[in-house]
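Okay, so here's the structure we're looking at.
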Amino acid sequence: MQNYENDNKIDIIEFLKKILHFMSFYKKRLLFIFIIFLVLFPIKRVLTYHSTYTSQMTFAVTKEIKGDSTFRYNKDAVDKITSTFEYMLNSPELLNKIKRDLHMNIIPARFSLSKVTGTNLFSIKSTSVNKQQAYDAILSLEKHYGEFSRMLLDDTTLTLIEKPELAKEPNDKIQIGKEIVKGGIVGIGIDFIILLLLYMLKKSIHNDTDVKKYLRTRCVGTMPYVRTADKKISYQVMLSRCRNNFIFKNAMQNYRFEVESEYMNHNHKTFMITSCVPHEGKSIIAANLAMALAEKGHKVLVIDLDLRNPTLEKIFDVSFENGIIDCIKDLKKLSKAIMKHKKLENLFMLLGNRPSNDATELLESKELKMIIENAKKDYDFVIVDTPPVHVMEDAHIIAQYIDAITLVLKQDNLSITQIRECLETLMKTDCHIMGCLINQSVDFNKKVYGYGYGYGYGYGYGKHRD
């Protein structure tokens, strides 16, 4: 087991690159969230808006000192009078008088008191949803406060310096521009939080540097995200139907060179193409690798050992009677089951035409081992497509018969922890791990491409798919 202790340290440059990548990859969704908040705030403000009106009167506190009155600021006097007034505003006697004046059972306004800091002034406000009611309530308060204040103020005098007036406009007008700005700020904040969560929760493999740094293995290739003119899975998926076919073909040729080097350096002839989970593109890689080797002049056999969900039949667009399952059960059918590709004379195929419910038993059989051993003698290269490692133990079983493994990783798909677990599972076999191949790279050669391969078969293990 490898040591990954220091891999959780944050690299600022890497952090910024990942954030920029997520911004590019999820830009439509992030923009959608931003626009939602941009529109939501003004709409919410309009729907929840209730206008209120305020009328107020302002008093000056005068304190008598040795027979003279002074208007100089006296904090103690102001504090005393305001606390007295707060008490008076809650007095049942005063409130009942105001109700009688208004001919109502409740006062339709709310009184509040506020001091003007650093002065001997304070204000009493009457706030209501109706401006006339706010005005009438404070007029009634102005009428009656004197008879209560005389009993409570001692040597302090109140002077009314601002009389109540009928409010001309609501307290808080709807400002659409301000609401849009607030919504935009919140939207940007939410987007940033999402990007941080993506970085923390989706810390995965993005490029060859990540493979070396986090997985301690080689990156044997990077395949671009390429859109085809036709969504149909076929031979042309690698060639003429790829809109950016030169880039894809060049990347595949580089991977083919890695496979050829494995043969030259280690005499490896059987290569297992697998992935951690479904939908990472392993079958497309296996098919195109086999074609690339055949184009070079090598005699190649590609075998579909994903017995629970065979897909190479669809990729190569062929139909046949006897498949790999029939051959394992009866070796006599092998010669008839191996098909020659229609356009590549060096490419041969041993595929599956139906899913199997007893895949594990078939993969563990001595017949399968014999098929692979004989293929090593008859062909220059044997390319084996297997189920994902995390789905079943099938890939682990198949690895016993194989020389080298390539683990296909869809860019930024799985967490590094998940990929490490997958690699450690493969390391328990005697098979040589050739390295990892990054698939569907959206920023390959610093450009962005679409991927039209339509990896949409799904994994319905044990069920036949029409």
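Just so you know, all these numbers are worked out from the coordinates, no wet-lab data involved. Not measured: the values here are computed from a predicted model. Neighbour counts run over all protein chains shown; Cβ positions are idealised from the backbone, glycine included.
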Under-5 Å amide H pairs with residue 157, H placed in peptide plane, nonlocal only: 62, 63, 64
Sorted peptide list for 281-291, 134-144, criterion being average Cβ within 10 angstrom, highest first: 281-291, 134-144
Surrounding net charge for residue 162, when Lys and Arg each add one and Asp and Glu each subtract one, Cβ distance under 13 Å: 0
29 Å Cα-Cα threshold exceeded, pairs from 299/333; 343/376; 329/410; 18/44: 329/410; 18/44
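Pairs of Cα atoms under 8 Å, at least six residues apart: use those to get the relative contact order of segment 205-446, whole percent.
Working: 467 pairs, mean separation 75.1, N = 242.
Result for segment 205-446 is 31 percent.
Could you pull out the trypsin sites (Lys or Arg not before Pro) across segment 390-449 that fall in loop regions by DSSP (anything but H, G, I, E, B) with no more than 13 other Cβ atoms inside 10 Å?
Numbers: sites: 410, 420, 428, 446, 447; in loops: 428, 447.
Sparse-neighbourhood loop trypsin sites (Lys or Arg not before Pro): 428, 447.
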Likely footprinting exposure, 101, 412, 79, fewest C-beta neighbours within 10 Å first: 79, 101, 412
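Stretch residue 112-residue 132 to full length: gain in nm at 0.36 nm per residue minus the Cα-Cα span? Before the final figure, lay out each step's value.
On the way: separation 20, 0.36 × 20 = 7.20 nm, distance 1.73 nm.
Full extension of this stretch gives 5.5 nm more.
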